[in-house]
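*Asks:* Sharing a structure with you now.
The values are calculated or read from the model by the stated rules, or taken from the named source; none is laboratory data. Since we're looking at a predicted model, the values are computed, not measured. Here the Cβ positions follow ideal geometry from the backbone for every residue, glycine too, while neighbour counts run over all protein chains shown. Keep in mind that these areas ignore ligands, DNA and RNA; they rest on the heavy atoms of the full protein, side chains included. Shrake-Rupley method; radii C 1.70, N 1.55, O 1.52, S 1.80 Å.
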Amino acid sequence: MIIQGGERLIGEIQIAGAKNAALPLFIASLLTDEPVHLHNVPALRDIDTVEKLLRIMGITVDRSGGDATIHAKTLGTIEAPYELVKTMRASILVMGPLLARAREAKVSLPGGCAIGTRPINLHLDGFQALGARITLEHGYIHARAKRLKGTTIDLPLPTVTGTENLMMAAALAEGTTVIENAAREPEVVEVGEFINQMGGEVSGLGTNTLVIKGVPGLHGTEYTIMPDRVEAATYMVAAGMTRGNLFLKGTQPQHLKAVIEKLHEAGMEIYEENGGLRCLLTGPIKSVDVKTLPFPGFPTDVQAQLMAMMCLANGLSVISETVFENRFMHVGELKRMGADIQVEGHSAIIRGRGELSGAPVMATDLRASASLVLAGLAASGTTEISRIYHLDRGYERMEEKLRAVGANIRRVKE
Ligand code: UD1
């Protein structure tokens, strides 16, 4: 990606369907042998990966534009292979529905990850509590259960995909499952609502106690995926960093309260306008301190983008990452662009210098890549970002969307 920085972004951007909702919904479609119709499916590489994963299992997936029909009439294999799991950790989500429906699942152990160790122990402990036997064989987690039986699971951490995985398994278990300290993210709520539309009985969505009454079977349904709050937040920051004025169409402000509050503090104007959010900045960027937290706190998936913005402030800002260890891969690259950032444990201290300068940089993970694009848009001169395949995992047509609002950005073959 080659960016000539310095253009103000002005215009309208349509926000796509949420990656982190679409992935579990594709997979939750395994819970029924009837067709499921999904709308507002984003065009992302992670969605292609989940499609491949479902096809390997003998499931029919038809995609056309933003629509997808998934029909898991019968399950062929119950295995998620290493080749796919290593490119997309969220593949672990097949474990819950497979256990629920086939009583067996084999999923490759995900292995290392650019943003920390990211274990899946809480998923596995939960499945065991529901009655599954778990073994590790040749790099694969093999889970088997004669039957799944409702129980109380108290999560030591409110894991997002862990809560989704256990909720999907519990939906078809015998009796009632209570998940304490459950994740409250809007995407978790979406999975619960989807299960309920299929005839499931999940209550407490959006709170930290979920009660799931197991039902004998679920039926097909039709569902429109919520807008992507991380994509929206990324473009909000883009408006701020380029002193632009963007209208983000199709956002859900109630999912973005913590981000909007922080960006207000940083000097941005953000307000609701028919069916979207108007985001602009006219004055200086102010330094703010941020601590990432589970929802409704400030999302870790927007930490890197906010850090890029803080490099443009004139002052000191402290960003603490409490959700993931080692999620500061972007720091070294931002430093190449002239940023003054010092990492101390879980915190990054940013001495904003009011400017960044274009440089060749390398993308390391999805949101780190987004922060480099933002930095490039605001920097003086040319920024060349390599390994941008990370971006395609989670941002739909990013350079097209940015070009349409005035960015000087293009993709060239590496
Ligand atoms: C999901 C999101 C990701 C987001 C993250 C936190 C998807 C597909 N991905 O990831 O974009 O950054 O939530 O909002 O929805 N943990 C354990 N053991 C486990 C599971 C998690 O110790 O079994 C820890 C993790 O290491 C991390 C914390 O719990 O420190 C939260 O992780 P989790 O919520 O599970 O993240 P994901 O669901 O993987």
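*Asks:* Among all lysine pairs in the range 19-224 that are eight or more places apart or on different chains, how many have alpha carbons less than 18 angstrom apart?
*Replies:* 8
*Asks:* Relative to the Cα centre, what is the charge dipole magnitude of the range 19-224, using +1 at the beta carbon of each Lys and Arg, -1 at the beta carbon of each Asp and Glu, and rounding to the nearest 20 debye?
*Replies:* In debye, rounded to 20, the range 19-224 gives about 580.
*Asks:* Moving on to the next point. Run the numbers on the chain and let me know its relative contact order in percent, using alpha-carbon pairs under 8 Å that are six or more apart.
*Replies:* 20
*Asks:* How far is helix 45-56 tilted, in degrees, relative to the longest principal axis of the Cα atoms in the chain, given as a value from 0 to 90 rounded to the nearest 10?
*Replies:* Approximately 20 degrees, to the nearest 10.
*Asks:* Could you state how much accessible area residue 94 has, in square angstrom rounded to the nearest 10, with a 1.4 Å probe and all protein chains kept in place?
*Replies:* Here the residue's solvent-accessible area equals roughly 0 Å².
*Asks:* Take the solvent-accessible surface of the protein heavy atoms, probe 1.4 Å, and return the percent of it on the chain that carbon and sulfur atoms account for.
*Replies:* So the carbon and sulfur contribution to the accessible surface is 48 percent.
*Asks:* Heavy-atom accessible area per residue, the range 19-224, 1.4 Å probe: how many Å²?
*Replies:* Working: 7880 Å² over 206 residues.
Accessible area per residue: 38 Å².
*Asks:* What list of ³J(HN,Hα) values in whole Hz, one per residue of the range 340-353 in order, does the Karplus curve 6.51 cos²θ - 1.76 cosθ + 1.60 (θ = phi - 60°) give from phi, with Gly and Pro shown as x?
*Replies:* Karplus values, whole Hz, x for Gly and Pro: 10, 10, 10, 9, 10, x, 8, 10, 10, 9, 10, 9, x, 10.
*Asks:* Can you pull the Kirkwood radius for the chain, inverse mean 1/r over Cα pairs, to one decimal in Å?
*Replies:* After inverting the mean inverse Cα-Cα distance, the result is 21.7 Å.
*Asks:* Assign unit charges at the C-beta atoms only (+1 for Lys and Arg, -1 for Asp and Glu), then state the dipole size of the range 276-413 relative to its Cα centre in Debye, rounded to the nearest 20.
*Replies:* For the range 276-413, the charge dipole is close to 380 debye.
*Asks:* Then there's this: Given 20 °C and 1.002 mPa s, how large is the Stokes-Einstein diffusion coefficient of the range 223-295 in µm²/s, with Rh as the Kirkwood radius over Cα pairs?
*Replies:* 171
*Asks:* Shifting gears a bit: Take the Cα pairs of the range 154-213, get the Kirkwood Rh, then feed it into Stokes-Einstein at 10 °C and 1.306 mPa s and tell me D in µm²/s.
*Replies:* Stokes-Einstein gives a translational diffusion coefficient of 146 µm²/s.
*Asks:* Per residue, what volume in Å³ does the convex hull of the Cα atoms of the range 19-224 enclose?
*Replies:* Residue-normalised Cα hull volume stands at 101 Å³.
*Asks:* Quote the Stokes-Einstein diffusion coefficient, in whole µm² s⁻¹, for the range 289-410, based on the Kirkwood radius over alpha carbon pairs, a temperature of 20 °C and a viscosity of 1.002 mPa s.
*Replies:* Diffusion coefficient, whole number: 148 µm²/s.
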